[in-house]
Amino acid sequence: MSGKRVSASHIHSFALNYAPRENHMRGTTLPQADNLPDEIQSFESLRDFAGRAFNVLNIDVVSTPPWAYNLFQDG
């Protein structure tokens with residue numbers, strides 16, 4: 001998988017970075033990554049994705065912040 005380009009928003013999954021024959025993670029910087037799913041476009045969708053990925057059953061206790069982050073906003 002060397003050389004695969006991923007976006008700025010990505011995830012280093014265990015499955016991609018574990019070397020079963022060596023019984024440890026690959027490298028020291030987790031070299032393999034996948035893009036986040038396209039449906040993650042909001043805090044709520046990211047929160048829900050993290051809850052599923054890390055098996056956090058009560059992830060909904062994390063409330064939506066009162067602010068909205070906009071990378072392209074001036075100031």
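The values are calculated or read from the model by the stated rules, or taken from the named source; none is laboratory data. Bear in mind the structure is a predicted one, so any value in this text is a computation, not a measurement. Here Cβ is always computed from backbone atoms with ideal geometry, including for glycine, and neighbour counts include all displayed protein chains. In case anyone asks, the SASA skips ligands and DNA or RNA and just uses the protein heavy atoms, side chains included. Shrake-Rupley method; radii C 1.70, N 1.55, O 1.52, S 1.80 Å.
Beta carbons closer than 8 Å, at least 6 apart along the sequence or on distinct chains, pair a first residue in the stretch 21-41 that is farther than 21 Å from SER7 by Cα with a second that is surrounded by 12 or more Cβ atoms within 10 Å (Cβ to Cβ) and of a type in the set (S, T, N, Q) for MET25/ASN17.
If you scan the stretch 53-75, which residues turn out to be loosely packed, with under 10 Cβ neighbours inside 10 Å and at pLDDT 85 or above?
Filtering the stretch 53-75 for residues loosely packed, with under 10 Cβ neighbours inside 10 Å gives 54-55, 57-58, 61, 63, 65-75.
Answer for the stretch 53-75, where residues must be loosely packed, with under 10 Cβ neighbours inside 10 Å and at pLDDT 85 or above: PHE54, ASN55, LEU57, ASN58, VAL61, SER63, PRO65, PRO66.
Does ARG5 satisfy being at pLDDT 85 or above and under 16 Å from the mean Cα position of the chain (by Cα)? So ARG5 does not fit the description; no. Taking the criterion of being closer than 27 Å to ALA68 by Cα, of a type in the set (A, V, I, L, M, F, W, C), out of contact with any Asp or Glu (no Cβ under 9 Å at 6 or more places or on another chain) and not in a loop (DSSP other than H, G, I, E, B), the residues of the stretch 3-56 that qualify are PHE43, LEU46, ALA50, ALA53. Does any residue of the stretch 37-44 turn out to be surrounded by 11 or more Cβ atoms within 10 Å (Cβ to Cβ) and among the acidic types (Asp, Glu)? Yes, the stretch 37-44 has at least one match. Taking the numbered list (1) open to solvent by less than 90 Å² (accessible area, probe 1.4 Å); (2) at pLDDT 90 or above; (3) not hydrophobic (A, V, I, L, M, F, W, C) in turn, HIS10 passes all entries but (2).
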